[in-house]
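Participant: Before we start, here is the structure in question, set down as structure tokens.
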Amino acid sequence: MDAHELITRNAAEVVTEAEIEALADDPEGKRAYVGYEPSGVLHIGHMLTANKLIDLQEAGFEVTVLLADVHAYLNDKGSFEEIRHTAERMRDQFIAYGLDESNTQFVLGSDFQLDDDYTLDLHALELETTLARAERAMAEISSGDSVKVSQAVYPLMQALDIPYLGVDLAVGGMEQRKVHMLARDVLPSIDREPPTSLHTPLIADLGTGRGKMSSSEGVTISMEDSRDDIESKVNDAYCPPTADPEPTEDGVERENPVLQVFEYHVFPRFDSVVVERPEEYGGDLEYDGYDDLEADLESGELHPADAKGALAEYLDRLIAPGREQLAE
């Protein structure tokens, strides 16, 4: 793959394509970043953006991971001491998952977000941003019906983090799109460049195929899961023999999360995937790319149960190093 293909592989959206092409023309030494609230244990959502960071490192980018302790504090996730402890645990898990340690900088938000210059620029953004505009950007962040002032400031800080980290590309899931669009709107008001951004897809709930897989609701997979846990969750996953399932009776759109995890997690990290089957059922199947696996599921050549067995195997290979690190 060339640099542009690596940068855009499995991206749901880039903003803008022209800016991405300029980065791809000369990626060496460029910096990409993603920010995470320290939560202690990496789950499959973290791993999706981490896969993209690994792609970017292969393309020539340097990577900054913001462990957003101040954001977590504003979101009422504990004391600074507790949050920083979980940040350290997450750092080690990212390295275990596959980020190149020599080419990854881990930064705590409190390393720069409490400085005078940052605080004054944040106040300048507050003067330029209506509460309604901030609320639109925080819709995916806040929880509950009562919005706190700290939550309104949260997306402005996310926007300001981008120039203060000195990065060329902001990476996040599609739920971060509103924040990145806010950053493009407001940063020019303080003479900062609007950021180039890349958004990864959202994986549907593993059990139902609806909505978004979440660590707080439904079924998800994390580095705490044992091999048996992974097999149990994957075996119970929603996996019709198609990549385009019918909506529910209530008209809710559905995806095939088993295929999504193959496409966005497994194939980017393995050169080929072997689905083991007894000879009486046709023997093993080997795939060098996602499209062939999807086609075989659609045609009936690959049974959903066999696909699930292979998915559990490869997910366990991805998660095992992080699980061992947690155990240590």
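The values are calculated or read from the model by the stated rules, or taken from the named source; none is laboratory data. If you're wondering where the values come from, they're calculated on a predicted model, not measured in any experiment. Using ideal geometry, Cβ is built from the backbone for each residue, glycine included, and neighbour counts are taken over all protein chains shown. These accessible areas exclude ligands, DNA and RNA; they are computed on the full protein's heavy atoms, side chains included. Shrake-Rupley method; radii C 1.70, N 1.55, O 1.52, S 1.80 Å.
Participant: Could you go through segment 249-269 and let me know if any residue there is at pLDDT below 95 and in contact with a His (Cβ under 6 Å, 6 or more places away or on another chain).
Facilitator: no
Participant: Would you say THR220 is more than 21 Å from ARG31 (Cβ to Cβ), among the polar types (S, T, N, Q) and touching a strand residue (DSSP E or B) at 6+ places or on another chain (Cβ under 9 Å)?
Facilitator: Taking the combined requirement at face value, the residue satisfies it.
Here's the yes/no breakdown for (1) outside the structural domain of ASP168 (by TED's automatic domain parsing); (2) on the phi > 0 side of the Ramachandran plot; (3) without any contact (Cβ under 8 Å) to a residue 12 or more places away in the chain; (4) surrounded by 16 or more Cβ atoms within 10 Å (Cβ to Cβ):
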{"residue": "ASN10", "(1), (2), (3), (4)": "no, yes, no, yes"}
{"residue": "GLU13", "(1), (2), (3), (4)": "no, no, no, no"}
{"residue": "GLU17", "(1), (2), (3), (4)": "no, no, yes, no"}
{"residue": "LEU23", "(1), (2), (3), (4)": "no, no, no, yes"}
{"residue": "PRO27", "(1), (2), (3), (4)": "no, no, no, yes"}
{"residue": "ARG31", "(1), (2), (3), (4)": "no, no, no, no"}
{"residue": "GLY35", "(1), (2), (3), (4)": "no, no, no, yes"}
{"residue": "VAL41", "(1), (2), (3), (4)": "no, no, no, yes"}
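Participant: If you take the residues in segment 189-225 that are in contact with a Lys or Arg (Cβ under 9 Å, 6 or more places away or on another chain) and acidic (Asp, Glu), which one is surrounded by the fewest Cβ atoms within 10 Å (Cβ to Cβ)?
Facilitator: GLU224
Participant: Shifting gears a bit: Say we look at segment 293-312 and pick out the residues that are in a helix (DSSP H, G or I) and not hydrophobic (A, V, I, L, M, F, W, C); which of these is farthest from the chain's Cα centre (by Cα)?
Facilitator: Looking at the filtered set, the residue picked out is SER299.
Participant: Kindly indicate which of THR104, THR49 is surrounded by fewer than 19 Cβ atoms within 10 Å (Cβ to Cβ), more than 21 Å from ASP115 (Cβ to Cβ) and polar (S, T, N, Q).
Facilitator: Unique residue meeting the criteria: THR104.
Participant: Right, next: Given the options VAL167, VAL234, VAL186, VAL261, name the one that is closer than 30 Å to GLU17 by Cβ, open to solvent by less than 40 Å² (accessible area, probe 1.4 Å) and not assigned by TED's automatic domain parsing to the domain that holds GLY35.
Facilitator: Answer to the check: VAL261.
Participant: Six or more apart or on different chains, Cβ atoms under 6 Å: show the pairs whose first residue is in segment 48-65 and closer than 12 Å to HIS265 by Cα and whose second is assigned to a helix (DSSP H, G or I) and of a type in the set (Phe, Trp, Tyr).
Facilitator: Close Cβ pairs (under 6 Å, with a partner that is assigned to a helix (DSSP H, G or I) and of a type in the set (Phe, Trp, Tyr)) amount to LEU48/TYR264; ALA50/TYR97.
Participant: Identify, by number, the condition in (1) part of a loop (DSSP other than H, G, I, E, B); (2) surrounded by fewer than 16 Cβ atoms within 10 Å (Cβ to Cβ) that ASP228 doesn't meet.
Facilitator: All conditions are met except number (1).
For every residue, the table says whether it meets (1) surrounded by 15 or more Cβ atoms within 10 Å (Cβ to Cβ); (2) part of a loop (DSSP other than H, G, I, E, B).
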| site | (1), (2) |
| --- | --- |
| ARG254 | yes, yes |
| HIS265 | yes, no |
| ASP291 | no, no |
| TYR314 | yes, no |
| ARG317 | no, no |
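Participant: Separate question: Tell me the strands (runs of 3 or more DSSP E) entirely within segment 12-95 that contain at least 1 residues that are within 27 Å of ASP225 (Cβ to Cβ) and touching a Leu at 6+ places or on another chain (Cβ under 7 Å). Steps first, answer last, please.
Facilitator: Working: elements: 13-15, 31-36, 62-67.
So the answer is 31-36, 62-67.
Participant: Related question: Is at least one residue of segment 53-72 at pLDDT below 95, assigned by TED's automatic domain parsing to the domain that holds LEU169 and touching a Lys or Arg at 6+ places or on another chain (Cβ under 9 Å)?
Facilitator: The answer is yes, given that some residue of segment 53-72 is at pLDDT below 95, assigned by TED's automatic domain parsing to the domain that holds LEU169 and touching a Lys or Arg at 6+ places or on another chain (Cβ under 9 Å).
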